[in-house]
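Taking it in order: structure first as structure tokens, then the write-up.
The values are calculated or read from the model by the stated rules, or taken from the named source; none is laboratory data. Values in this document were obtained by computation on a predicted structure and should not be read as measured data. When we count neighbours, we look across all protein chains shown, and the Cβ atoms used for this are built from the backbone with ideal geometry, even at glycine.
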Amino acid sequence: MAEGLVRALDEMARQNVDVLVLGREGNARFVSGATRLWLAGTRPFAPGCVVVRETGAVHLMSATDFGVPAEIPPARLYPMSWNPANIMGAVAAIPGVSDARRIGVDGLTPLFEQLFTATFPDVQLADGEAVMRTARRVKSPAEIARIRAAISVAEDAFGVAVGALRPGVREIELKGVFEERMCQRDTTTPAFEGAFCVVEGDRPIRRLVSDRVIADGDLVAMRAGVLLDGWEGSLARTRSCGQQRAEHGDRLSRWHAAWTPLVDRCRAGALVGDLRATAGVSVHGVGLGAEALEDGSSLEPGMVVQLELEANGVLGADTLLIGDGRAQGLTAFPYAAGGD
Amino acid sequence: MTGDLDLARMRRDRHRKVVDALDAQGLTAAVLLGQPAVAYAVGARAPAADAARAAQQRMIAIVTADGEAPHLYTAFPEGVPPELPADHVHDPLPMEWPEGASALLEVLPDGPIALDEYTMPLHAALRGRQITDATAILGACKVVKTADELECIRRAQAINERAMVTVEPFVAPGVRGTELSGVFLGRIFELGASANTVDPIWQRMPRRIADGPFSVTGDVVFPTPTTSRPFAAGDVIWVDTGIDYEGYASDFGCTFVVGGPERRHRDQAARWREIVDRCLDVLKPGATAGDLVRAASAGDGRHPWLPHLYLAHGIGTNSAEMPLVGTDIGDEFDDALVLAPGMVLVFEPVVWDDGNSGFRAEEIVAVTDHGYEHLSARDGGPRG
């Protein structure tokens, strides 16, 4: 049985959830290991994957076994449908579902809430996202290896984008350069669309690239990432285009001076909310895509987090593995010379 | 890309439609969490991202029936429409946590509201409150496009088609699907795409369904994710890609034959053309989706499309939206769906000769006052 499924089943038992009906792709991938078509953006809840605690079985919405691990036999696949009633019918027919008292869902829509209530009038709906979040939180050595592999691809493509940062290139072209290289490394799914944005004085760094032409001496904040087999590798760095201005060198140095002690604070026991209280800091979990972390939660050994600092018009982000002492940096990409 | 486009007018027209729909249903507000819905009702942009990240960084919109400017909660100030008053733009609300859900509850207007989707903390926070499905309300607004919306789709599609012209020469023995994705993604942004919305699909089709992969429906399996397996001469590749321009999706489908099409491939493409032409012959305001289904099926009585998908679908801020034609929602649904000017249809029938593979392409038209006009190139193939 896949290790992700074992952890999900344990957590279902702990939170007294009989059946999980999952719409979020990262959750479905965690319990199934299946590769399905990647789509950008939010999507409304639909029952894309079902886990039954009693049988330990994973059932997937898929018209084929392509990309589906052999542990999930074809009998546990149900086809997609534009008719929500057909989908609920397929879910209800899964062995063990009709006996459930508590069904965990990781999201809902008014329509599916109505269908759940009509199909399972005596069932209590529970927060399945809370189950999955806990199960996914601490990474196994195998999962850490997959995150490392994703970071390696991201760093390679990032390096090619940095190489293309020359006076006259447009911001959007760098986004294309990153993604083209990512694909040459056999990964066609970005974690997010890269931001390669000229820093405009002390204004907040943009997250949306424009068709602005980058000039000699511009400071450029770069953030990009990939999903390799669903696992995220991403990073951010700030670099000068062409000749670095002295003022930008100072900014990069100041950023670095703030970064080192910040990384040092990312230890087991540190409160996520405390880290976020520092201006310009963001923290989230890294795994099968970005994983939400609550302000009130503490870091613990085995967690992998993305730490990002935006300060003085400089942006940088690394992936850190939390251990017993100082966090281990999983990102190896060099910081700018003389600064960031 | 010379057509007239006024983005501010487009946002104004869409907002008015949503306000009128809320008013007609006696609702005080729509609360929107789905990013295509926010893009439609407000015109705000966020960077494209994997679903998990997109959910955590989601923008939220509250559209009120009083016709005031909508309220937008976003982490991306540069994606805010310029005409939105500053006091209607707010910091993002973390909807993954009870604190964010409570904060949203505090700013919700009194009275009956519509909502498109819940996170579980929001579901808990709204327990006991009467909620109407906002997806249905927005769907009714979205189904008929304004001229500006049609122009956005036309431009999205033109970018997609131009990028595919760049890709086409690379389709040769030994090339991998992942490489084709690289060429495509390397090109779309410089052509003006706002984002890429689906992992580009280059699926090697089997000669017969029984050759696999396993099919749950017994019919042709499509789509499957792209792999790094090299293509060989004679491989039939079904292509499906989609990009975003100012919030609007493109949808490009075609069939490549590695090394060039043979006579049987051209014959399949010609039969595909006949199916689409039969549909276009009956396409005008007042025709129903059922009329299109019957026109498409007239050849041999068999539905020439994939049973878990459709003969045609609409497109807009979602890559597939109403009108849906030929789905498993059923014949009654198709017969009740009356086509009107401004509706968009992406035709994607499939020609399959078991033993000789098949042909699939996509063609986009908008219904006009007297017939239709193309928003895509007229033909998906045959191609090299």
| query | Where in the stretch B:41-149 are there strands (runs of 3 or more DSSP E), lying fully within it, with 1 or more residues that are within 9 Å of another protein chain (Cβ to nearest Cβ)? | reply | B:113-115, B:131-133
| Restricting attention to the stretch B:22-40, and to residues there that are assigned to a helix (DSSP H, G or I) and buried (at least 21 other Cβ atoms within 10 Å of the Cβ), which single residue is farthest from the other protein chains (Cβ to nearest Cβ)? | B:LEU22
| task | Go through the stretch A:223-242 and count every residue that is more than 12 Å from chain B (Cβ to nearest Cβ) and out of contact with any Ser or Thr (no Cβ under 9 Å at 6 or more places or on another chain). | result | 7
| note | Counting only residues that are surrounded by 24 or more Cβ atoms within 10 Å (Cβ to Cβ) and in contact with a Ser or Thr (Cβ under 6 Å, 6 or more places away or on another chain), the stretch A:172-211 contains a total of 3
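Of all the residues that make up the stretch B:186-209, how many are in contact (Cβ under 8 Å) with a residue 24 or more places away in the chain and either surrounded by fewer than 17 Cβ atoms within 10 Å (Cβ to Cβ) or in a loop (DSSP other than H, G, I, E, B) (or both)? So that I can check it myself, show each step before the final result.
First, the residues of the stretch B:186-209 that are in contact (Cβ under 8 Å) with a residue 24 or more places away in the chain: B:187-188, B:191-209.
Narrowing further to those that are either surrounded by fewer than 17 Cβ atoms within 10 Å (Cβ to Cβ) or in a loop (DSSP other than H, G, I, E, B) (or both): B:191-194, B:197, B:199-200, B:206-208.
Here the count works out to 10.
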| Quick one: would you say B:THR327 is over 13 Å from B:LEU292 (Cβ atoms) and either touching a Lys or Arg at 6+ places or on another chain (Cβ under 6 Å) or polar (S, T, N, Q) (or both)? | no
| A:GLU247 away from chain B (no Cβ under 13 Å) and either closer than 26 Å to A:ARG170 by Cβ or in a strand (DSSP E or B) (or both) | yes
| message | Please count how many residues of the stretch A:207-222 are within 8 Å of another protein chain (Cβ to nearest Cβ) and out of contact with any helix residue (DSSP H, G or I) (no Cβ under 6 Å at 6 or more places or on another chain). | response | 1
| Mind checking which residues of the stretch A:111-135 are crowded, with 20+ Cβ neighbours inside 10 Å and in contact with a Ser or Thr (Cβ under 8 Å, 6 or more places away or on another chain)? | A:GLU129
| task | Quick one: which residue in B:GLU332, B:GLU348 is without any contact (Cβ under 8 Å) to a residue 12 or more places away in the chain and within 14 Å of chain A (Cβ to nearest Cβ)? | result | B:GLU332
| message | Give me the residue from the stretch A:175-206 that is farther than 24 Å from B:ALA52 by Cβ and aliphatic (A, V, I, L, M) and, out of that set, nearest to the other protein chains (Cβ to nearest Cβ). | response | A:VAL177
| note | Per the filter on the stretch B:189-226, residues within 7 Å of another protein chain (Cβ to nearest Cβ) and farther than 21 Å from B:TYR310 by Cβ are B:PHE189, B:GLU190, B:ALA195, B:ASN196, B:PRO213, B:PHE214, B:THR226
| said: Tell me whether the stretch B:266-276 contains one or more residues that are part of a helix (DSSP H, G or I), in contact with a helix residue (DSSP H, G or I) (Cβ under 9 Å, 6 or more places away or on another chain), surrounded by fewer than 19 Cβ atoms within 10 Å (Cβ to Cβ) and modelled with pLDDT of 95 or more. | reply: no
| task | Looking only at the stretch A:255-272, decide whether some residue is within 21 Å of A:CYS197 (Cβ to Cβ), of a type in the set (D, E, K, R) and out of contact with any Pro (no Cβ under 9 Å at 6 or more places or on another chain). | result | no
